[in-house]
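Please treat every number below as a calculation from the coordinates, not as lab data. All figures in this text were calculated on a predicted structure; none of them were measured in a lab. A quick note on method: Cβ atoms are made from the backbone with ideal geometry, for glycine too, and the neighbour counts reach across all protein chains shown.
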Amino acid sequence: MDLKELSKINIQDVFKKSSGGAKGRERTLSSVLGLEFGSDIVNAVRLKKSGAKIELLGVDTLPLPAPNDDTMLIPGELKESYAALCSDFPESIARVFSYTPEGEYALADVVRSSLNVDDGFRVGGLLLKEARKEQMILGVATPMKTVERMLSLFSEGPPALCSLELSGLASTSALFFQKGRETHAETVCVIEGGASSMTASFFVDNQLKIVNQLAVGTDLLLGEVEKALDVDAETAVDIAQGNVVDISFIAQKTFGVLSKQLSISKEFVERQTRSRLSMCYLSGKMALIPEVGVLLKTALESPVEVWNPFEPFILPEDGLPASVQGRESLFASAVGAALSSMES
């Protein structure tokens with residue numbers, strides 16, 4: 001399942017301008033800086049295509065630009081001509097829906113109508129399944145104010161933005177680059193869980209069936225740990241990630257509704273496709289909290305794997321920085337954003 005066309009649709013006017021000419025948006029790139037804007041930091045990954053393989057040139061966490069900053073500062077070791085950006089973008093919408101065509105139609109108009117958004121949103125659509133009577137479409141809508149803010153940070157360049165997409169969708173590009181062959185005949189759930197939201201995508205034979213966006217994340221759980229155990233924020237993080245203190249009752253209370261929604265989606269996909277969910281792949285901040293994996297395993301009745309997005313790459317001679325080791329899953333979306341814009 002390749003979502004790179006959707007990210008190009010969302011940014012094609014900028015890519016066209018920066019690449020030069022009407023054919024600019026069709027240009028492929030051999031090296032890209034992937035940036036994921038989180039709630040408190042920016043995860044950065046610099047990738048280069050080397051023959052049939054991908055080389056990791058750099059990885060780091062960068063500070064978020066202040067609200068009054070108009071430039072995103074990039075360290076020298078991460079400098080690239082083009083950057084692929086992703087974020088969970090508050091108020092954004094991603095949904096798979098069916099559409100019965102009646103003659104010719106503009107995909108963007110169908111997405112805007114189906115997602116019920118006005119001109120305050122930039123929309124993009126990707127045709128997942130084309131049939132005479134019914135088409136399956138992935139539609140995405142992102143608030144224009146957020147898009148404009150991101151574009152303003154890169155208005156001078158370099159780097160120039162070449163794509164702009166949702167973190168929850170970007171992470172799937174990284175996953176299927178690495179595991180696409182083994183998931184080809186499987187039913188899987190891909191979850192990207194951040195500080196304030198999570199995206200759960202269900203795939204059958206690498207074809208997207210459902211996208212769930214939920215406004216729950218690690219911040220909610222950590223806040224409940226603070227209150228229940230009467231500890232400060234830093235201690236709450238240590239407890240949640242340490243797997244020493246039992247916080248299962250807190251996780252169940254906090255994510256109970258989430259578990260139910262995921263279970264319903266899983267059962268729907270299994271009935272619709274007559275298949276069984278074989279694996280849940282987890283990345284993002286939620287992947288650092290062991291109790292989340294336990295909760296997901298119970299809700300989805302399947303194994304949960306926290307995966308390393310750097311596994312298939314050529315790594316630097318000195319390996320990954322110590323600050324990244326054990327936290328590789330945090331960079332899944334940044335990796336996916338870069339891959340989506342690179343030469344295939």
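A few comments on the model shown:
- Farthest toward positive dipole pole in the chain [+1 Lys/Arg, -1 Asp/Glu at C-beta], among Thr61, Gly336, Thr235: Gly336
- Extending 7 Å from the Cα toward the beta-carbon at both Ala322 and Ser50 defines two label points whose distance is 2.5 nm.
- Each label point was placed 7 Å from the Cα along the Cα-to-Cβ direction; for Thr28 and Asp230 their separation is 6.1 nm.
- Efficiency of FRET from Cβ geometry, Glu182 and Lys133, R₀ 30 Å, rounded to 0.05: 0.35
- Computed over region 127-285: relative contact order in percent, which uses C-alpha pairs under 8 Å that are six or more apart: 21 percent
- Mean Kyte hydropathy of -1.0 or more with a Cα span along the axis of at least 20 Å, helices from DSSP in the chain: 248-273
- Of interest is the spacing of the C-alpha centroids, which for region 320-344 and region 236-284 amounts to 23 Å.
- Sequence-ordered 3J(HN,Hα) estimates for region 318-323 from the Karplus curve with 6.51, -1.76 and 1.60 and θ = phi - 60° stand at 8, x, 7, x, 4, 5 Hz, glycine and proline given as x.
- For Cα extents along the principal axes in Å, calculated from these coordinates, the label among [x] 58, 52, 40; [y] 83, 62, 47; [z] 69, 43, 38: [x]
- Legend: calculated FRET efficiency, Glu104 to Ser81, from the Cβ-Cβ distance at R0 = 41 Å, rounded to 0.05, equals 0.65.
- DSSP beta bridges confined to the chain are antiparallel in about 65 percent of cases.
- Aspartates and glutamates with Cα under 12 Å of Lys266, excluding same-chain neighbours fewer than 8 positions away: Glu301
- Residue pairs exceeding 26 angstrom between C-alpha atoms, taken from Lys53/Lys297; Lys179/Lys209; Lys49/Lys79; Lys260/Lys285; Lys48/Lys297; Lys145/Lys253: Lys53/Lys297; Lys48/Lys297; Lys145/Lys253.
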